[in-house]
Amino acid sequence: MRVISTEKSQILAARIAEALKIPVVDVKFSRFPDGEHYLAAGDLDDETIIVGSIVDNDTFVQLLLLIDACDSSTSRLVIPYMGYARQDKRFKKGEPISARAIAQVLGRGVESCITVNIHEPEVLKYFDAPTTNLSIAREVGEYICRADIPDPLILAPDDGALAFARDVATVGGWDYDHLEKTRLSGVEVKMAPKKLCAASRSVVIVDDIISTGGTIATAAGMLYQQGAKDVYASCVHGVLIGGAYTHLKANGIRDIICSDTIERGCSKISAAGLIATALIRE
Ligand code: R5P
């Protein structure tokens, strides 16, 4: 058995291989003169674990090519971050259900799939192959323990992320809550924890995705106004578009903690152990 990956998931793939004590496949990635992707992986007659986050259109195409290169009856697919999953329904007439389109294509050529904190678990039904969604909440909680943040208040930015905040908080027996928006006037909105008080607390805001950083930056500003001592941001998937990282730092976020489902400088938590354990269990 070997692990094969797209260009942008190499580090996580190597960590998964290390955890499983199996080798990685040496893949050569290049492009044809017209820009089309090409890859060559040599002899692929082994059982393969294909690892690839969809962080852009190129990684999606590379993933399709890898799946095609491997034997569909013995390959298992790991999509640590599934881009396009946020368009999980037709919000307006004439729109595609992008998550369905992606899942249907990818799920067809493999024996099974694994995702990590997929934005909307309902999407799993669109994969042809049996698919398991893992949660990295425990690893986030363990990181917070190691980071020595005193008696943290774990906050979800909205009630949709409350279950994730609860699972993170369970690791250390910490308080958790979610932020609630109250409209004060036509132009003024207040964000505050629904039940608890943030004054004098070290707050860790946890979410599945940090994209522009807008949600957390706004929340942090309000939490500081309410007397919070420090605000940290943690997410599973650091999409971090534009200047999201610096936007958060400029808004007083003490530290930004992401996992390696998207490989970033701030990927301080690895999903490798979680994924390796799930692969052994399958
Ligand atoms: C939304 O449903 C997600 O869970 C995140 O809260 C969202 O993607 C964060 O976006 P941004 O960082 O752009 O505020």
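Based on the Cβ-Cβ distance from ASP68 to LYS92, what FRET efficiency comes out when R0 is 35 Å, to the nearest 0.05? Numbers along the way, then the final one.
Details: r = 33 Å, r/R0 = 0.95.
So, using R0 = 35 Å, E works out to roughly 0.55.
Annotation: amide H of SER5 within the under-5 Å range of VAL25, VAL51, sequence separation 5 or more or interchain, hydrogens built in the peptide plane.
From the Cα trace of the range 145-204, what convex hull volume per residue do you get, rounded to a whole Å³? Mind showing how you got there, number by number?
Working: hull volume 5.1 nm³, N = 60.
In the range 145-204, the Cα hull volume divided by residue count equals 86 Å³.
Surface composition of the chain: carbon and sulfur make up 50 percent of the accessible area, probe 1.4 Å. Straight-line reach from LYS93: taking Cα to Cα under 29 Å and skipping same-chain neighbours fewer than 8 places apart, the lysines in range are LYS125, LYS181.
The HN-Hα couplings worked out from phi for the range 50-58 by the Karplus form 6.51 cos²θ - 1.76 cosθ + 1.60 (θ = phi - 60°) are 9, 10, x, 7, 8, 9, 6, 5, 5 Hz, whole numbers, x standing for Gly and Pro. The residues of the chain expose, per residue, 47 Å² of accessible area to a 1.4 Å probe.
For the range 167-247, what percent of Cα pairs sit more than 21 Å apart?
Details: 1029 of 3240 pairs.
For the range 167-247, the share of Cα pairs beyond 21 Å comes to 32 percent.
Tell me which trypsin sites (Lys or Arg not before Pro) from the range 3-45 have a DSSP coil assignment and no more than 15 other beta carbons within 10 Å of their own.
LYS21
Note on the range 91-215: percent of Cα-Cα distances in each 5 Å bin, starting at 0 and stopping at the bin with the largest distance, equals 2, 10, 16, 16, 15, 14, 11, 9, 5, 2, 0. Under the rule a/c < 1.5 gives rounded, and otherwise a/b versus b/c splits prolate from oblate, where does the chain land using the Cα gyration tensor? Prolate. Roughly what percent of Cα-Cα pairs across the range 1-120 reach past 22 Å? Tail of the P(r) past 22 Å holds 33 percent of the pairs. Of the GluC sites (Glu not before Pro) found in the range 1-102, the ones in coil according to DSSP and having at most 11 other Cβ atoms within 10 Å of their Cβ are GLU36.
The values are calculated or read from the model by the stated rules, or taken from the named source; none is laboratory data. All values derive from a computational prediction rather than experimental measurement. For neighbour counting, all protein chains shown are included, and Cβ atoms are generated from backbone atoms with ideal geometry for every residue, glycine included. Ligands, DNA and RNA are stripped out before the accessible areas are found, and what is left, the full protein with its side chains, is counted by its heavy atoms. Shrake-Rupley method; radii C 1.70, N 1.55, O 1.52, S 1.80 Å.
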